[in-house]
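S.K.: Got a structure for you, written out below as structure tokens; questions coming shortly.
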Amino acid sequence: MYEDRTFENILQEMLSTVPSNIDKREGSIIYNALAPAAKKLSEAYAEMGRNNRLSHAQTSSGEELRRRGADFGVDPQPASKAIRKGIFYNAQGALIDVPLEGRYSAGGLNFKVIEKIATGEFKLECETAGAAGNVPTGTLLPMDYLNGLASAQLTDVLVPGEDDESDEAYRARFFAQVRTPPTSGNRAAYRKWALEVAGVGDAYVQPHWNGPNTVKVYILGTDRLPAAAGIVQAVKDYIDPNIGLGEGMGEGVAPAGAVTTAEAAPAVSVNVTATVVLNGTRTLAQVTADFEASLTAHLAEIAKNAFSVTGGDRSVKYARIGTLLLDTPGVSDYNAASLLVNGGTANVTVSPGSVAVKGTVTLSE
């Protein structure tokens, strides 16, 4: 809005009002008198432009974006803690139970035992919120002596930890609420409720999936892949928990009478094989890794559009896979007859609620 209000432009406008018979060259008295004022005015215009951008959700960021969303009741999602599986053994290698609330460390982070899964298997919660809790694996060290414990292992990620919600994720939730207002248990309401659960990246709502008054919500994680079981259960418990008198009783946020099923979005693997011609700048292994990264990002973008409120095209285009391959650094060409996607040369169909994910990639020279 104020892009032309630069120091140079403002100073020139000031100098143009000074009579031509007065010395206006750089270093002159009049130049040195006007330059500081022009500098301060340009800084003021820059700040006005920044404040204008921060006042609109499309261009705002940080705390200002969240204050804008707060006017519409959209609260930011804080960082969540990872839930991991721990396995505990005695000196004979047999599984043993350990006390709840016990604390262990791995990878520089501390974990607390919160729930028993089976003999010797427990859920552990990372004491540090964020995605860092998803990383450590291997040996768990007890922070206090425990009689009979010989070794412990930190294994599966049951519920991924999430960092504080990013600006883009928050902006997407904000637009979803203000552009398609959730009312009276409509589809937008179910999607909004799912997005309020930590770890949910998006959701697709299918009404009447099993008859009247039934709703199914397909869940993606923040990585645009099928959500973990713990996240799916959290969505179910939030929208329509199976407690008390059972489902559909209005114990959650869903209206009474609406039986809700939460399910991880079914994955449709996209397998690619091709013979490529390299240009000599990168090895086949490097080209394969780069192409896999591009394919993963492309499929995530398809999922983002397909799970949006407007519901974009969810199919994976065969021709687009070829373009991704050609755009991969190190590739000069590929054998068109050799490019197969899921064993053929047709687009990959993805049904509503499902998500395309990277399968096997086999590139050869």
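The values are calculated or read from the model by the stated rules, or taken from the named source; none is laboratory data. Computed from a prediction, not measured in an experiment: that's the story for all the values here. Note: ideal-geometry Cβ built from the backbone for every residue, glycine included; neighbour counts use all protein chains shown.
S.K.: Could you please give the count of residues in the stretch 343-365 that are crowded, with 18+ Cβ neighbours inside 10 Å and touching a Ser or Thr at 6+ places or on another chain (Cβ under 9 Å)?
M.R.: Qualifying residue count for the region: 6.
S.K.: Could you figure out which of (1) over 29 Å from R179 (Cβ atoms); (2) in contact (Cβ under 8 Å) with a residue 24 or more places away in the chain; (3) buried (at least 16 other Cβ atoms within 10 Å of the Cβ) isn't true of G322?
M.R.: Result: G322 passes all but (2).
S.K.: Related question: Considering the stretch 167-196 alone, what residues qualify as being in contact with a Leu (Cβ under 9 Å, 6 or more places away or on another chain) and hydroxyl-bearing (S, T, Y)?
M.R.: Y170
S.K.: Under 8 Å by Cβ, and 6 or more places apart or on different chains, what pairs join a residue from the stretch 345-365 that is within 15 Å of T296 (Cα to Cα) with one that is among the basic types (K, R)?
M.R.: V355/R224; A356/R314
S.K.: Could you please give the count of residues in the stretch 89-108 that are in contact with a Gly (Cβ under 7 Å, 6 or more places away or on another chain) and either basic (K, R) or over 15 Å from T155 (Cβ atoms) (or both)?
M.R.: So the count comes out to 3.
S.K.: Let me ask something else. Is the stretch 105-119 home to any residue that is in a strand (DSSP E or B), touching a Cys at 6+ places or on another chain (Cβ under 7 Å) and not assigned by TED's automatic domain parsing to the domain that holds G201?
M.R.: The answer is yes, given that some residue of the stretch 105-119 is in a strand (DSSP E or B), touching a Cys at 6+ places or on another chain (Cβ under 7 Å) and not assigned by TED's automatic domain parsing to the domain that holds G201.
S.K.: Okay, moving on. Would you point out which residue out of S105, S184 is surrounded by fewer than 18 Cβ atoms within 10 Å (Cβ to Cβ) and either more than 30 Å from E247 (Cβ to Cβ) or among the basic types (K, R) (or both)?
M.R.: Every option except S105 fails the conditions.
S.K.: Also: (1) of a type outside the set (D, E); (2) closer than 29 Å to A172 by Cβ; (3) touching a residue at least 24 places away in the same chain (Cβ under 8 Å); (4) not assigned by TED's automatic domain parsing to the domain that holds A188: which one isn't true of A258, the others all being true?
M.R.: Checking A258 against (1) of a type outside the set (D, E); (2) closer than 29 Å to A172 by Cβ; (3) touching a residue at least 24 places away in the same chain (Cβ under 8 Å); (4) not assigned by TED's automatic domain parsing to the domain that holds A188, the one that fails is (4).
S.K.: State which residue is farthest from L100 (Cα to Cα) when the search covers only the stretch 144-180 and only residues that are of a type in the set (G, A, S), touching a residue at least 60 places away in the same chain (Cβ under 8 Å) and not in a helix (DSSP H, G or I).
M.R.: G161
S.K.: Next up: Based on this model, can you work out whether V270 counts as farther than 16 Å from G353 by Cβ, touching a helix residue (DSSP H, G or I) at 6+ places or on another chain (Cβ under 8 Å), of a type in the set (V, I, T) and crowded, with 19+ Cβ neighbours inside 10 Å?
M.R.: Considered against the rule, which asks whether it is farther than 16 Å from G353 by Cβ, touching a helix residue (DSSP H, G or I) at 6+ places or on another chain (Cβ under 8 Å), of a type in the set (V, I, T) and crowded, with 19+ Cβ neighbours inside 10 Å, V270 comes out as yes.
S.K.: Let me ask something else about it. If you go through the stretch 258-267 one residue at a time, do you hit one that is among the polar types (S, T, N, Q), surrounded by fewer than 19 Cβ atoms within 10 Å (Cβ to Cβ) and under 18 Å from G201 (Cβ atoms)?
M.R.: no
S.K.: Sticking with this structure for a sec: Considering each residue of the stretch 216-248, count those that are surrounded by fewer than 23 Cβ atoms within 10 Å (Cβ to Cβ) and in contact with a Phe, Trp or Tyr (Cβ under 6 Å, 6 or more places away or on another chain), and give that number.
M.R.: 1
S.K.: Inside the stretch 214-240, can you point out the residues that are farther than 16 Å from A267 by Cα, of a type in the set (S, T, N, Q) and in contact with a strand residue (DSSP E or B) (Cβ under 6 Å, 6 or more places away or on another chain)?
M.R.: T214
S.K.: So the check is Cβ under 6 Å with 6+ separation or different chains; which pairs have a first residue in the stretch 209-236 that's outside any strand (DSSP E or B) and a second one that's modelled with pLDDT under 95 and surrounded by fewer than 16 Cβ atoms within 10 Å (Cβ to Cβ)?
M.R.: Partner pairs satisfying both residue conditions: N213/G257.
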